[in-house]
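The values are calculated or read from the model by the stated rules, or taken from the named source; none is laboratory data. All figures in this text were calculated on a predicted structure; none of them were measured in a lab. Using ideal geometry, Cβ is built from the backbone for each residue, glycine included, and neighbour counts are taken over all protein chains shown. Accessible surface areas use protein heavy atoms only, side chains included; no ligands, DNA or RNA. Shrake-Rupley method; radii C 1.70, N 1.55, O 1.52, S 1.80 Å.
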Amino acid sequence: MKSIFKYTGFLALAMALAMPVFTACDNDDFDTSQYVGGVSLNSFGPSPVARGGELRFLGSGLDQIVKVSIPGCDDITDITVISSEEIRVTVPQTAEPGKVQLHYANGMLETKSMLTYSEPISIEEITPATVKPGAELTISGEYLNLIKEVSFSFLADSVNVYAADFKAHDRKQIVVTVPEEAVSGTIIISDAKEVPNTIKSEQTIEIVLPSVAAPLDLTNAKGGDAVTVKGKDLDLVRTILMPDETEVKFTYNADDSSVSFTLPENASDGAIVAVPASGVKVAIANIGMVVPTELVATPAEGLRGGDEITIAGVNIDQVTSISFPNVEEAVTPAEIQSNALKVVFPAMAQSGNAVLNLKSGKTVEVALATAKPEVTGFEPSTVAAAADVKLIGRNLDLVAAIEFPGAEAIEVSDATPTEYIVNVPATANSGALTLTMANGETVATPELTVQAPECAFITVEPEGELTAYGLFVAGLKNADKLTEVKVNGETVNHIVNGDKLYITLPGSCGKGTVITLVSSNGEISYTYDVTPATHQERVLLSTPITIGNWDDPRIYITHTQLAGVPEGAKLVFYIEPANDTQLQLNDSGWGQFIILEPAAGDTKIEFTLTAQALEAFSKQDGNTDNAIIIQGKNCTVNKITVEWEISLETQIWSGSWDSGNWGGNQDLAWGGYDWSTVKAGQTLRLYFNQTDTSDSWYCISLRHGQDWANIGGSIPDQYDTPSSPHAVVLDQATIDDLVANGGLIITGANFTLTKVTIE
């Protein structure tokens, strides 16, 4: 609430009158005691007061007063409630001396002291009734020589004129200059005492504003247009605002009472307003920004990525950029003129309306259509699954993938505009093919008739989980055509018994294992996810050899035998119980690397192939394939194997992320990882380092994406000072929670995350 006058002496009045001034007349149930929610009065004033002036009451519970009675006039119900401790009323001109009564529900208070009146300062006339800021205003009345301050109505800060600035001042008249900030309304005069008498005029004055006969119509305006608006009193204008509240520079011409300005390049539709010092906004023009019309795109159809499009029309120079369907970033035209622009069609753009973005913020649209692949025929028109079919047509080089009914999509990379040969998947059914373009648009082909394969093919899929070293059993048709079975490109032994195919899956099988059935009239491949064998073993020696006293026979392990053996693998020697046994491992040049000395009674010796050992045994002697030469004494070696473990960990995140003080890593949330692919029993591992080693405490907390809430179930709220890697076994309830609630949030304090895996 704005304060027109300062009442610095009102506190003194309250203290001076801090004595009972009212007598309460009420029922016993209404609490009128002070400071406990009742109705009471500490002070009132001023007394004497000017008729037409304001009378104030201080106390408690005064917001319960419904009317005030002053002798000589009607009850006053127009009460200004400042707070529960203060109310105000305007003293009517007919008021007479006497006690004042305050009425509230179920009771009434009457003053003990009399209200008296000062000489009646009055306002009789204000001229002129319409006045321009900066002009003089005359206030006529009585006892105006007592007035020290005149306040005008205002929108923003208080607009007061003090006696020192009065142009004329006597008992009957005050002349003041109207402030620029004044607005139409009443005026208030005051004697500016500590408890001032204030009198509000009954007459309102009209403050002249800048005006126009009618707001200027700026239909089809452009940024940069020069605008001149004529009107009255435009010398009062201090600011001109565009529809978006942007201020523009302007000039005032007194000769024809006009203001002139230039429309900004980004001007938008709406009203342009002139603002005088008072802050009152006056509409002087209405903008309707121009938009391009008569748009014609050439070419508008058959578009490919990289094609240059010309868009012609009227007011094309208003375009700043073009937004194409399926393209995130707007494209800036290569050339813009008043009647045409040129722009390159993005490779990922789709058919639809291209949006022309204008300087004004408006948009217009123009329809564009991409070139589409079209299949006009198949050769042959009826094809067996697993056989090749040729697609004949137009724009086939735009095809990125082909999907046969009943089969997964096949990526396409080498199609010509007129034809493409593709192998029909074994699971394909008859029907229309779906051609997917690189931009994501799809086209359906005519229907293709697909028959059962003519070569050997699987009719019944294997049951249960497939595992490395496990048996693969599937139903088979055209078994008489089968000549070979390959697993991941390597031929394997197979058995056909009636209509069933049997093979033993190699230990190297894993996810995405490809099994190919080779027939005399073609071949067909199938892809399976196989659970790999984590333990890998390769037999290097299976015939027992007894080593004498540092002479023949010696044992030779070749580079071929060690091919693909990883660092950390173990050479395992199975021996007769040792008794003063030594085995010397040399490189191909007979350079000694190590002598193994098993303890008495040992039947097995293990040696780890470190990076240093693998480097030493990688030497070539130029004549043989020898990698390791083994000699020694007092030892019979029954078998030698090399063994290692395959990790099933799949890395799903890596980097360097500092948790800070409960930050949140959301990379595996909100679509960052597909948690529906995880199975119960798999292990989540978090690899990390303690950020501040001087702080003994750190923790990791796993949350789900929705509100970063706790996952619950088997997952605790947090893990305090875990070791790295920290392993968490995921049960089905946890997986379901992550799928349903936005994935995984990793948070906590004082650790730096480096890797996350699933096994």
Kindly indicate whether THR677 is within 14 Å of ILE652 (Cβ to Cβ), out of contact with any strand residue (DSSP E or B) (no Cβ under 7 Å at 6 or more places or on another chain), among the β-branched types (Val, Ile, Thr) and at pLDDT below 95.
yes
May I ask you to list pairs of residues, at least six apart or on different chains, whose Cβ atoms are under 6 Å apart, with the first in the range 401-430 being free of Cβ contacts under 8 Å to residues at least 60 places away in the same chain and closer than 20 Å to ILE515 by Cβ and the second being acidic (Asp, Glu) and surrounded by fewer than 15 Cβ atoms within 10 Å (Cβ to Cβ)?
ASN423/ASP388
Matching strands (runs of 3 or more DSSP E) fully within the range 148-237 where at least 1 residues are under 47 Å from the mean Cα position of the chain (by Cα) and in contact (Cβ under 8 Å) with a residue 12 or more places away in the chain
216-221, 226-230
Condition test on SER520, is it in contact with a helix residue (DSSP H, G or I) (Cβ under 8 Å, 6 or more places away or on another chain) and exposed (fewer than 15 other Cβ atoms within 10 Å of the Cβ)?
yes
If a residue has to be β-branched (Val, Ile, Thr) and either closer than 25 Å to LEU505 by Cα or touching a Phe, Trp or Tyr at 6+ places or on another chain (Cβ under 6 Å) (or both) to count, how many in the range 529-571 make the cut?
6
Would you check if GLY601 is in contact with a Pro (Cβ under 7 Å, 6 or more places away or on another chain) and either more than 30 Å from LYS755 (Cα to Cα) or open to solvent by 50 Å² or more (accessible area, probe 1.4 Å) (or both)?
yes
Let me spell it out: the conditions are (1) open to solvent by less than 20 Å² (accessible area, probe 1.4 Å); (2) at pLDDT 85 or above; (3) in contact with a Ser or Thr (Cβ under 8 Å, 6 or more places away or on another chain), and GLY52 meets all of them except one. Which number is the exception?
(2)
Could you tell me how many of the residues in the range 638-685 are part of a strand (DSSP E or B), in contact with a helix residue (DSSP H, G or I) (Cβ under 8 Å, 6 or more places away or on another chain) and over 30 Å from ARG538 (Cα atoms)?
1
Which condition from (1) under 22 Å from THR543 (Cβ atoms); (2) open to solvent by less than 50 Å² (accessible area, probe 1.4 Å); (3) without any contact (Cβ under 8 Å) to a residue 40 or more places away in the chain; (4) not aliphatic (A, V, I, L, M) is the one that SER588 breaks?
(3)
Of the residues SER659, SER714, SER654, only one is at pLDDT below 95 and either acidic (Asp, Glu) or exposed (fewer than 12 other Cβ atoms within 10 Å of the Cβ) (or both); which?
SER714
Among the residues of the range 277-294, how many are exposed (fewer than 15 other Cβ atoms within 10 Å of the Cβ), in contact with a Gly (Cβ under 8 Å, 6 or more places away or on another chain) and closer than 30 Å to GLU180 by Cβ?
0
Selection over the range 401-411 where residues are more than 20 Å from GLU454 (Cα to Cα) and either assigned to a loop (DSSP other than H, G, I, E, B) or charged (D, E, K, R) (or both) yields a count of 4
Evaluate the range 149-157: report whether one residue or more is surrounded by fewer than 17 Cβ atoms within 10 Å (Cβ to Cβ) and not charged (D, E, K, R).
yes
Filtering the range 212-237 for residues that are in contact with an Asp or Glu (Cβ under 8 Å, 6 or more places away or on another chain) and more than 23 Å from GLN318 (Cα to Cα) leaves a count of 2
Go through GLU597, GLU606, GLU576, GLU567 for me and flag whichever is closer than 13 Å to VAL642 by Cβ, more than 55 Å from the chain's Cα centre (by Cα) and of a type in the set (Asp, Glu).
GLU606
Filter result (open to solvent by less than 60 Å² (accessible area, probe 1.4 Å) and polar (S, T, N, Q)) within the range 225-252:
THR239, THR246
Hey, among the residues in the range 672-710 that are among the β-branched types (Val, Ile, Thr) and out of contact with any Ser or Thr (no Cβ under 6 Å at 6 or more places or on another chain), which one's surrounded by the fewest Cβ atoms within 10 Å (Cβ to Cβ)?
THR693
Report whether or not SER33 is more than 30 Å from GLU124 (Cβ to Cβ) and at pLDDT 90 or above.
no
Yes or no: LYS222 surrounded by fewer than 20 Cβ atoms within 10 Å (Cβ to Cβ), of a type in the set (D, E, K, R) and at pLDDT 95 or above?
no
Mind listing whichever residues of the range 238-294 are assigned to a loop (DSSP other than H, G, I, E, B), of a type in the set (D, E, K, R) and either closer than 28 Å to LYS132 by Cβ or over 33 Å from the mean Cα position of the chain (by Cα) (or both)?
GLU245, LYS249, ASP255, ASP256, LYS281
If we scan the range 736-756, do we find a residue that is loosely packed, with under 14 Cβ neighbours inside 10 Å and touching a Ser or Thr at 6+ places or on another chain (Cβ under 9 Å)?
no
Where residues in the range 523-534 are in a strand (DSSP E or B) and of a type outside the set (Phe, Trp, Tyr), which of them is surrounded by the fewest Cβ atoms within 10 Å (Cβ to Cβ)?
THR527
Any residue that is acidic (Asp, Glu) and under 17 Å from LYS281 (Cβ atoms) - is there at least one of those in the range 184-204?
no
May I ask you to list the residues in the range 725-735 that are touching a Lys or Arg at 6+ places or on another chain (Cβ under 9 Å) and surrounded by 15 or more Cβ atoms within 10 Å (Cβ to Cβ)?
PRO725, HIS726, VAL728, LEU730, ILE735
Contact list, first residue from the range 616-635 and surrounded by fewer than 19 Cβ atoms within 10 Å (Cβ to Cβ), second anywhere and of a type in the set (A, V, I, L, M) and assigned to a loop (DSSP other than H, G, I, E, B), beta-carbon distance below 9 Å, six or more apart or interchain, is ASN634/ALA578
Of everything in the range 117-169, what is in contact with a Pro (Cβ under 9 Å, 6 or more places away or on another chain) and under 22 Å from VAL195 (Cα atoms)? Give them in sequence order.
TYR117, SER118, GLU119, GLU142, TYR143, LYS148, GLU149, PHE152, VAL159, ASN160, VAL161
Of LYS362, LYS372, the only residue that is farther than 21 Å from VAL290 by Cβ and basic (Lys, Arg) is LYS372
Residue count for the range 412-436, restricted to those that are surrounded by fewer than 20 Cβ atoms within 10 Å (Cβ to Cβ) and assigned to a strand (DSSP E or B)
8
